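J.: Quick one: structure below, then a few questions.
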Amino acid sequence: MPDYLVDEAVEDYAFISTQKEPELLQELIDTTNAQMGWPQKLSGRLVGRTLKLLSSLVQPTHALEIGMFTGYSALSIAEGMPDHGRLLCCETNPRAIDMAKSFFARSEHGHKIDVAFGRALETLNTIDYELDFTFIDADKRSYLEYYEEVKKRTRSGGLIILDNVLWSGKVLQPESELDDILVETNHRIANDPEVENVFLTVRDGLNVVRKR
């Protein structure tokens, strides 16, 4: 599959036509690229600004992120949250957590973020409040389970956003069990009477889901 799912010039135009992220987030991109393996896991401007905009619209008090990596998407979500809001981030990579926390400490929105080390499904079982906003961007093999468990805990009108749902285009011609899981997740959401959704071709695909 190509690196770009749309024409590269169109992708670049969308990038330069989207307002820049704060300087701290631009620094986080550079630091992640320099110091971390698999830096492409970082969400980037188009996804990050989408998350910030949606968070600003929802104004979540209780938000969740499954798969924090180095904190770019977390800071983007927190930027749109009210000052009293809390974002719980699930992550299993200690080096990524350390880097993220160093940037949270320097951000005016960092006080809104809590980090939980360990498996997200175990962390989910400790949540005793309704969620307003969730971003799912972790182990793709667990996507369907993440979605179902998060939906149970999401209030009516709350958002669930899943990243990488185009899976580099592999959902069009699935060849592996992992590809099939993404296909099934997208199919389940599109046919779920408990939600409404829009599938966006932003970067590697964003499925934006609103619980009825």
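Each reported figure results from applying straightforward, stated rules to the coordinates on display, with no laboratory input. Small disclaimer: the values here were computed from a predicted structure and weren't measured. Please note: Cβ atoms are built from the backbone with ideal geometry, for glycine as well, and neighbour counts cover all protein chains shown.
J.: So which of 116, 138 is within 16 Å of the chain's Cα centre (by Cα), within 20 Å of residue 178 (Cβ to Cβ) and outside any helix (DSSP H, G or I)?
T.: None of the other options fit; the residue is 138.
Quick grid of which residues meet (1) part of a helix (DSSP H, G or I); (2) in contact with a Ser or Thr (Cβ under 9 Å, 6 or more places away or on another chain); (3) not hydrophobic (A, V, I, L, M, F, W, C):
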| site | (1), (2), (3) |
| --- | --- |
| 37 | no, no, yes |
| 40 | yes, no, yes |
| 48 | yes, yes, yes |
| 57 | yes, no, no |
| 69 | no, yes, no |
| 82 | no, yes, yes |
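J.: Related question: Looking at the range 71-80, which of the residues that are touching a His at 6+ places or on another chain (Cβ under 7 Å) and either assigned to a strand (DSSP E or B) or touching a residue at least 40 places away in the same chain (Cβ under 8 Å) (or both) is nearest to residue 146 (Cα to Cα)?
T.: My answer is 75.
J.: Being more than 21 Å from residue 20 (Cα to Cα), within 10 Å of the chain's Cα centre (by Cα) and hydrophobic (A, V, I, L, M, F, W, C) is the filter here, so list the residues in the range 52-83 that pass it.
T.: 64, 66 - these are the residues of the range 52-83 that are more than 21 Å from residue 20 (Cα to Cα), within 10 Å of the chain's Cα centre (by Cα) and hydrophobic (A, V, I, L, M, F, W, C).
J.: Quick one: in the range 102-118, which of the residues that are without any contact (Cβ under 8 Å) to a residue 40 or more places away in the chain and loosely packed, with under 15 Cβ neighbours inside 10 Å is nearest to residue 145 (Cα to Cα)?
T.: Across the range 102-118, the extreme among qualifying residues is 118.
J.: Of the residues 71, 37, only one is buried (at least 23 other Cβ atoms within 10 Å of the Cβ), out of contact with any strand residue (DSSP E or B) (no Cβ under 6 Å at 6 or more places or on another chain) and not hydrophobic (A, V, I, L, M, F, W, C); which?
T.: Going through 71, 37 in turn, just one is buried (at least 23 other Cβ atoms within 10 Å of the Cβ), out of contact with any strand residue (DSSP E or B) (no Cβ under 6 Å at 6 or more places or on another chain) and not hydrophobic (A, V, I, L, M, F, W, C): 71.
J.: Still on this structure, I have one more. Could you tell me which of the residues 152, 170 is among the basic types (Lys, Arg), surrounded by fewer than 21 Cβ atoms within 10 Å (Cβ to Cβ), touching a residue at least 60 places away in the same chain (Cβ under 8 Å) and more than 25 Å from residue 70 (Cα to Cα)?
T.: 170
J.: I would also like to ask the following. Can you tell me which residues in the range 50-91 are polar (S, T, N, Q) and closer than 23 Å to residue 205 by Cβ?
T.: 50, 55, 56, 70, 73, 76
J.: Out of the residues in the range 157-212 that are small (Gly, Ala, Ser) and part of a helix (DSSP H, G or I), state the one that is nearest to residue 41 (Cα to Cα).
T.: Per the stated criteria, the residue is 168.
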